[in-house]
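Beneath this line is the structure, given in structure tokens, with notes to follow.
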Amino acid sequence: MSKVIQKKNHWITKMTECAMIRDARGELNVELRGGAENGEFPYIGEVREDVLVHKNGQMSEGELLLEVEGHSVSGLPLYDIWTLMKSCKGPLRLKTVRQGNKLNKDLKHYLSLKFQKYSLDHELQQTIRANLYRHAVPCEYIIFSLVFLLLKLLNIHTTFLCLLFHPHLIFPSSSSYDSSAFSLSLLLLLFLLHLRRILSVHP
């Protein structure tokens, strides 16, 4: 429970819950759009009332999908959300909310806003960042492995790795997103150095 009292017109007071039932083929008949891969919150696409079966509650096209069976899905790519939805048995409980000025489908916009610590918005921002980071980490491990191999080939001391994945030690203002870009830039530089060494040995 948030320690900060929310205003009456806050989005949390407008959030609705509905339960969906699969059809005879096991399909949910709901369209999802957006997702972290598009820099957006997941949101409801076209709603076909002729085939969509509600056990209770309603949802409308354009509403943001915030929770699936109690799991916060903000900041997740659509394929992860579909995997979660397909794994759930029985009626599927979804929590949605209409888009507003602050909370709309634009993830970057929402993450750029400043909220009081421990407020619901601050907690949602933290959840989004955590979900985004979960999918950024595997990419960094791949980069780490490639860089490590190049360092071995170039006989460069492995302590150099601290600069690749922790540039904030030198550049305090660097963000986690800057870290990935910094790592990729150095990876390219190391590759070019290795290529130059090969060409110099075998003209």
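Structure summary
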| item | result |
| --- | --- |
| Single match in Leu78, Leu113, Leu84 (criterion: of a type in the set (A, V, I, L, M), free of Cβ contacts under 8 Å to residues at least 24 places away in the same chain and within 22 Å of Val30 (Cα to Cα)) | Leu84 |
| Filter pass, Val47 being surrounded by 16 or more Cβ atoms within 10 Å (Cβ to Cβ) and over 29 Å from Arg129 (Cβ atoms) | yes |
| Scan of the range 81-96 for residues that are modelled with pLDDT of 90 or more and either touching a helix residue (DSSP H, G or I) at 6+ places or on another chain (Cβ under 8 Å) or not in a helix (DSSP H, G or I) (or both), ordered by number | Arg93, Leu94, Lys95, Thr96 |
| Top-ranked residue in the range 1-21 [being crowded, with 16+ Cβ neighbours inside 10 Å and more than 26 Å from Leu132 (Cβ to Cβ); ranked as modelled with the highest pLDDT] | Cys18 |
| Every residue from the range 18-40 that is closer than 30 Å to Gln125 by Cβ and of a type in the set (Val, Ile, Thr) | Val30 |
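The values are calculated or read from the model by the stated rules, or taken from the named source; none is laboratory data. Worth saying up front: this structure is predicted, and the values here are computed from it rather than measured. Here the Cβ is made from the backbone with ideal geometry for all residues, glycine too, and neighbour counts use every protein chain on show.
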